[in-house]
Ligand SMILES: C[S@@+](CC[C@H](N)C(=O)[O-])C[C@H]1O[C@@H](n2cnc3c(N)ncnc32)[C@H](O)[C@@H]1O
């Protein structure tokens, strides 16, 4: 049996009444009805799509509630909620949890940390807070960004989803002011390879690399890889994220020539590299 609006309209059109063409230029009441029905269907589909999205979000939220409920580190929850609610980071709580654990693991080294790709400064603020919570004192943190978004010179042809100037709604002055809460944070403005000479530290305990692009990621890995202390950790953001294929490509290229890291892949689109040799 045929059902549905289309089928119903086809029966109406096939009942012997004159077609729109036979009636002249006016579409006629049957065509109007079919258009109305199509519009109703489209509206219903739109509603359904919205409901499916809402349901997926609810499932994700409830899974996260169950998962984060198990983390009994109040300092983490406070610090993560603060930067998320301030709108200063694009990172969600799951990725912040990886950073928190990395900071806690390396803090005892007492070495400087670096973040390349800081945007509005929230993830750098979070890292500095994590060090404070771990060892009760600040550790030096270098913060690097163009503060004008992705540089044209670093976007490859095989990165069609990356846009020059994306993430430019920030500024050096604003981020410096926001991070001035921490005496040991230094903010460096510029494309990474042009400011790298200002990073005088020879050894690093933690590097958070969140630059989305293949070449930018590779530049960072080539600079920091050899400078990480044994036991130090590199966290690469957006690893295997569909919109940032360059991150995984850069990691593969770099790790093909450096076997001094253990690689850990949590379910957060991050790659955690632990310097072991
Ligand atoms: C996704 S955003 C960083 C998000 C940030 N970590 C957060 O928590 O919201 C990526 C940043 O990488 C920066 N970036 C990309 N390539 C860079 C390069 N070669 N030198 C400096 N900054 C770069 C962009 O300016 C952009 O602000």
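The values are calculated or read from the model by the stated rules, or taken from the named source; none is laboratory data. Quick caveat, the model's predicted, so the values are computed rather than measured. Heads up, the Cβs are rebuilt from the backbone with ideal geometry, glycines too, and the neighbour counts pull from every protein chain shown.
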Checklist entry - Hey, among 225, 205, 246, which residue is in a helix (DSSP H, G or I), away from the ligand (no atom under 13 Å from the Cβ) and in contact (Cβ under 8 Å) with a residue 24 or more places away in the chain? => result 225
Next on the checklist: Scan the range 176-188 and tell me whether some residue there is without any contact (Cβ under 8 Å) to a residue 12 or more places away in the chain, under 18 Å from residue 119 (Cα atoms) and in a loop (DSSP other than H, G, I, E, B).
Outcome noted: yes
Checklist outcome for this item: residue 136 vs (1) in the same structural domain as residue 174 (by TED's automatic domain parsing); (2) out of contact with any helix residue (DSSP H, G or I) (no Cβ under 8 Å at 6 or more places or on another chain); (3) closer than 20 Å to residue 239 by Cβ: all pass except (3)
Checklist entry - Of all residues in the range 189-202, which are without any contact (Cβ under 8 Å) to a residue 60 or more places away in the chain, under 20 Å from residue 250 (Cα atoms) and near the ligand (Cβ under 9 Å from one of its atoms)? => result 191, 193, 194
Checklist entry - Does at least one position in the range 128-135 carry a residue that is closer than 23 Å to residue 196 by Cα, more than 9 Å from the ligand (Cβ to nearest atom) and touching a strand residue (DSSP E or B) at 6+ places or on another chain (Cβ under 6 Å)? => result yes
Checklist entry - Hey, any hits in the range 156-163 for a residue that's part of a strand (DSSP E or B) and in the same structural domain as residue 91 (by TED's automatic domain parsing)? => result no
Checklist entry - Taking the range 102-126 only, how many residues are touching a helix residue (DSSP H, G or I) at 6+ places or on another chain (Cβ under 9 Å) and more than 10 Å from the ligand (Cβ to nearest atom)? => result 10
Next on the checklist: Against the condition under 24 Å from residue 105 (Cα atoms), over 21 Å from the mean Cα position of the chain (by Cα) and more than 8 Å from the ligand (Cβ to nearest atom), how does residue 185 come out, does it pass?
Outcome noted: yes
Checklist entry - Quick check: is even one residue across the range 148-155 in contact with a strand residue (DSSP E or B) (Cβ under 9 Å, 6 or more places away or on another chain), in the same structural domain as residue 89 (by TED's automatic domain parsing) and either surrounded by fewer than 19 Cβ atoms within 10 Å (Cβ to Cβ) or closer than 21 Å to residue 113 by Cβ (or both)? => result yes
Next on the checklist: Would you confirm whether or not the range 147-155 contains a residue that is modelled with pLDDT of 95 or more, more than 21 Å from residue 245 (Cβ to Cβ) and touching a helix residue (DSSP H, G or I) at 6+ places or on another chain (Cβ under 7 Å)?
Outcome noted: yes
Checklist outcome for this item: All-but-one check, residue 134 against (1) part of a helix (DSSP H, G or I); (2) within 24 Å of residue 217 (Cα to Cα), failing number (2)
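Report yes if some residue within the range 75-94 is in contact with a strand residue (DSSP E or B) (Cβ under 7 Å, 6 or more places away or on another chain) and assigned by TED's automatic domain parsing to the domain that holds residue 204; otherwise report no.
no
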